[in-house]
Every structure is written in structure tokens, then in C-alpha cells.
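Only one structure is covered here, and it is reproduced in the block below.
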Amino acid sequence: QVQLVESGGGLVQAGGSLRLSCAASGDIFTLNRMGWYRQAPGKQRELVAGITSGGSTNYVDSVKGRFTISRDNAKNTMYLQMNSLKPEDTAVYYCNADVTPYGSRYSYTYWGQGTQVTVSS
């Protein structure tokens with residue numbers, strides 16, 4: 001089994017910054033693609049940013065230039081630096097990872113429990 005634990009959420013004023021972390025642990029042979037998703041009340045969950053094991057990144061248009069995704073492969077940890085936050089960034093942010101366990105040739109997708117980010121105007 002694999003556990004993804006997010007941290008770093010909270011309440012911040014518009015224009016402020018937060019840094020989210022996602023630590024992966026458990027039966028991990030390779031930690032493949034990882035990503036941050038968010039879900040606001042009444043809306044569908046959306047991909048915010050993704051990062052491959054090699055460091056290639058992609059972002060949803062609404063956060064480009066404000067958010068930066070990164071990872072530390074030695075620590076099995078992913079980060080999301082969020083700057084210039086806006087009220088519309090308010091959501092529960094979820095960590096997502098594709099993991100290949102030891103002894104397997106398949107990859108499985110795991111989710112964290114989510115962390116609340118609230119941006120006040």
C-alpha cells in the first residue's frame with residue numbers, strides 16, 4: 001500500500017502565498033507521474049499541475065505564472081508553490097501519484113486525503 005500525505009494548506013489573503021507538500025510512503029519501487037488536483041464546492045475536480053519523474057511539468061492555464069510544481073525524488077515528496085493567490089483558488093487540493101510497487105510491472109494511482117486552501121478577498 002501507498003500513502004500520500006498533504007500538508008501546507010490554510011487561510012491566506014489574496015495576493016499571498018502558500019506551499020503545499022505531498023509525501024509518499026509505503027510500497028514504492030518507482031514514483032512515476034505526480035500531480036496536484038483541486039475541487040471547489042459545486043465544481044468538478046480539476047488538474048492544477050502535473051510533473052513527471054523526469055521533471056517535465058504542465059499547468060492549467062489559470063495558474064500559469066503563479067504556481068510552481070516540483071518534486072524531490074530522493075524524499076518521494078512533491079511540492080506546489082502558490083503565489084499571487086486569488087479567491088478563485090479556494091478549494092480542497094489533492095495530491096495524486098502513479099506508483100509502481102516492488103515486484104510489479106504495473107502502475108497504480110493513489111490519492112491523498114486533501115488539504116483545504118482558502119483565499120480571502
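Annotations for the structure displayed:
- Taking every residue in region 93-112 that is modelled with pLDDT of 95 or more and pairing it with any residue that is surrounded by 19 or more Cβ atoms within 10 Å (Cβ to Cβ) and among the acidic types (Asp, Glu), at least 6 positions away or on another chain, the pairs with Cβ-Cβ distances below 8 Å are TYR93/GLU6; TYR94/GLU6; CYS95/GLU6; GLY112/GLU6.
Residue by residue, here is whether (1) among the polar types (S, T, N, Q); (2) within 14 Å of the chain's Cα centre (by Cα); (3) over 20 Å from TYR108 (Cα atoms) holds:
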site: LEU4; (1), (2), (3): no, yes, no
site: LEU18; (1), (2), (3): no, yes, yes
site: THR30; (1), (2), (3): yes, no, no
site: ALA40; (1), (2), (3): no, no, yes
site: GLU46; (1), (2), (3): no, yes, no
site: ASP61; (1), (2), (3): no, no, yes
site: GLN81; (1), (2), (3): yes, yes, yes
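- Selection count, region 101-121, where residues are in a loop (DSSP other than H, G, I, E, B), closer than 25 Å to LEU18 by Cβ and open to solvent by less than 20 Å² (accessible area, probe 1.4 Å): 2
- Residues considered: LYS75, LYS86. Of these, the only one that is over 30 Å from SER121 (Cβ atoms) and modelled with pLDDT of 95 or more is LYS75.
- Elements of type strands (runs of 3 or more DSSP E) contained in region 1-100, each with 1 or more residues being within 13 Å of GLY112 (Cβ to Cβ) and open to solvent by 10 Å² or more (accessible area, probe 1.4 Å): 2-7, 18-26, 30-39, 77-82, 91-100
The values are calculated or read from the model by the stated rules, or taken from the named source; none is laboratory data. Nothing here was measured: the structure is a model prediction, and the numbers come from that model. Cβ: placed from backbone, ideal geometry, glycine included. Neighbour counts: every protein chain shown. Only protein heavy atoms, including side chains, enter the accessible area calculation; ligands, DNA and RNA are left aside. Shrake-Rupley method; radii C 1.70, N 1.55, O 1.52, S 1.80 Å.
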